[in-house]
Amino acid sequence: MLSGIQHFCFCKRSWSLIHVEQLWEENYYTIDGMIKHEKVDNPFIKEKRKNIFYSRSVPISSSKLGLNGIIDMVEFIKDGEGVNVPGKKGLWKPYVIEYKRGKEKPDLRDISQLVAQVICLEEDLNCHIEKSFIYYFKTNTRLEVDIDEEKREFVIDTVKEMHDMFENRITPDAEFYKKCTLCSLYDLCMPRITKKRKSIENYLYGD
Ligand code: SF4
């Protein structure tokens, strides 16, 4: 799943617990994020202005990355250098808009998800997207992100590592980090005591 890249960049163990071991636990942050996404993700809300329209909950996939997922919103702006969109006259340039509950992060987790979405959308629409946006609810800001080569290469390398770990069913050992207190999987992961455990399932159900 494409959304897994944000978990992977936050903590590889958290990604593995969710996507390899299929474990999940909600906390305040995950539920608040879900509520904030409700309006954004509603495909029946249509918005259109002169020379601009929005599509919500857009399904995407990429054979290059081996990922699929859903984009919160795509903004299409009428532009002679854009692409054809079924049911629309003229040419349109697409820009991904990803919505996040909090504020801008010091790491690449939000940006890598955005870049992966862009690569998928480019493949689906056969186009090149030079920038896209992340909207942060907490600060009410729209961050413009250049989709440059460096970020694309980071995403391609990260996704390759995700596939390798998934195929080999790898769950990294737990380490206690400051960020663990924000993690919804804290009680399942038990980072202070599971350092040597390879799999949380072994801990819960093993001998
Ligand atoms: S509690 Fe910490 S080590 Fe465990 S999954 Fe969450 S962030 Fe990773």
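No value in this document is a laboratory result; all are computed from the given coordinates. Owing to the predicted nature of the structure, the values given are computational and were not obtained by experimental measurement. Cβ atoms come from the backbone with ideal geometry, glycine included; neighbour counts cover every protein chain shown.
How much length would be gained if the chain were fully extended between R101 and R192, taking 0.36 nm per residue of separation minus their Cα-Cα distance, in nm to one decimal? Don't jump to the answer; show the numbers that get you there.
On the way: separation 91, 0.36 × 91 = 32.76 nm, distance 2.78 nm.
The R101-R192 span can extend by a further 30.0 nm.
Rank-order 48-56, 177-185 by packing density, defined as the average count of other C-beta atoms within 10 Å over each peptide's residues, highest first.
Numbers: 48-56: 12.6, 177-185: 14.7.
Answer by packing, highest mean first, reads 177-185, 48-56.
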| task | Read phi for every residue in region 178-187 and hand back ³J(HN,Hα) as whole Hz from Karplus 6.51 cos²θ - 1.76 cosθ + 1.60, θ = phi - 60°, with x for Gly and Pro. | result | 4, 5, 4, 5, 8, 8, 5, 8, 3, 5
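FRET efficiency for I156 and Q22, Cβ-Cβ distance as r, R0 = 22 Å, nearest 0.05? Before the final figure, lay out each step's value.
Details: r = 26 Å, r/R0 = 1.16.
About 0.30, to the nearest 0.05.
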| task | State the extension gain, in nm to one decimal, for the chain segment bounded by Y135 and S61, taking 0.36 nm per residue of separation less the distance between their alpha-carbons. | result | 24.4 nm
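For every helix of n ≥ 4 consecutive DSSP H residues, a contribution of -39,500 (n - 2.57) applies; sum these over the chain, divide by its total residues, and give [θ] at 222 nm rounded to the nearest 500 deg cm²/dmol. Could you put the intermediate results ahead of the total?
Details: 7 runs with 74 residues, N = 207.
Only helices count here, giving -10500 deg cm²/dmol.
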| note | For the pair E167 and K50, the simple spin-label estimate (label points 7 Å beyond Cα toward Cβ) gives in nm 5.4
| task | Report the percentage of all Cα-Cα pairs in the chain whose separation exceeds 26 Å, rounded to a whole percent. | result | 39
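Of the DSSP beta bridges with both residues in region 4-200, give the percent that are antiparallel, rounding to the nearest 5.
Numbers: 27 of 31 bridges.
If we restrict to bridges inside region 4-200, about 85 percent are antiparallel.
Mind checking the full-extension length gain between D124 and L91? Use 0.36 nm per residue of separation minus the Cα-Cα distance, one decimal, nm. Walk me through the numbers on the way to the answer.
Working: separation 33, 0.36 × 33 = 11.88 nm, distance 1.57 nm.
Difference between extended and current length: 10.3 nm.
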| field | Flagged links, alpha-carbon separation over 31 Å, of K36/K89; K78/K151; K131/K179; K48/K179; K12/K88 | value | K36/K89; K48/K179; K12/K88
| note | Counting only backbone N atoms under 19 Å from a point 7 Å out along Cα-to-Cβ of N68, the residues of region 112-149 in range are 116-126
